[in-house]
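Visitor: Below: one structure in C-alpha cells.
Coordinate-derived values only; no laboratory data. Predicted model, so just to flag it, every value in this text is computed and none were measured. Backbone-built Cβ (ideal geometry, glycine too); neighbour counts: all protein chains shown.
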C-alpha cells in the first residue's frame, strides 16, 4: 500500500477499533491459480489474533495454510469535490480526490479443523453481532444436530498478525480552510460514509 507519512495511522488502538467496528474483511492469499481474494468476517481477539471460518468447499484453507496472507479492513470512504475548496474559487488549481480509511493486517494463516473451536468462534461472532437486537438469536437456539451438520461444512482459520498498517486519507495535504470545506460538503450530501468521513476530518481539524 502506498502510504505517504501524512496519511499514516499507526496507533494500534485506532487500528484495532476499526477492525472491530468493520470486521468484514478482504482476505488476499496466493493459491494454485495465483492471487485470490475472499470476503469474510474476521474477529480480532484480545491477544491480537484474527479468527474466522470458510466453507469447507473453499480451496483457500488448503492452498493458503501456513502461508503469509493479507487481510484488508475497509472503513468509510467518500468522493471529494474540488468545488468544496475555497482555494479552487481563488485560483482554480484543484482536482477531485477520494478520502478513505483502511487497515492492512499481514500474518500467517493457520487452519483449525476442530468442531469445538469452531463452535466457540461462531458463538462469539453471533453473540457480538446479535447484541443490539431486542431478541438476540443464539447458536444454541437451533437444533443440535443441525448445528453439528453446519459445523461440518466449515473450517476455522486463524491469523497471527505480524504487521499492521493503517491509511487515514482525510485531506491532510490540504490547508485547514479546504478541509473545513470538505467537512461541509460531505455533511451536506449526507450518506452514512460521507458523514463518517466528515466527522473524521473534523476531529483531526480540532486536534
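Visitor: Between residue 8 and residue 28, 0.36 nm times their residue separation minus their Cα-Cα distance comes to what?
Guide: Value of the extension gain: 5.1 nm.
Visitor: While we're looking at this one, here's another question. Test of understanding: in a Gaussian network model of the chain with alpha carbons linked when under 10 Å, which of 94, 140, 163 would top the mean-square fluctuation ranking?
Guide: 140
Visitor: Any idea how far apart residue 134 and residue 55 come out in nm if each label point goes 7 Å out from Cα toward Cβ?
Guide: Spacing of the two 7 Å Cα→Cβ label points: 3.4 nm.
Visitor: Here is a further query. Using a 10 Å cut-off around each Cβ, can you sort 194, 9 from fewest to most neighbouring Cβ atoms?
Guide: So the ranking, lowest neighbour count to highest, is 9, 194.
Visitor: Angle check, please: helix 115-130 long axis (alpha carbons) against the longest principal axis of the chain (alpha carbons), in degrees 0 to 90, nearest 10.
Guide: 40
Visitor: Using 1/(1 + (r/R0)^6) with R0 = 35 angstrom and r between the beta carbons of residue 123 and residue 35, what's the FRET efficiency to the nearest 0.05?
Guide: 0.60
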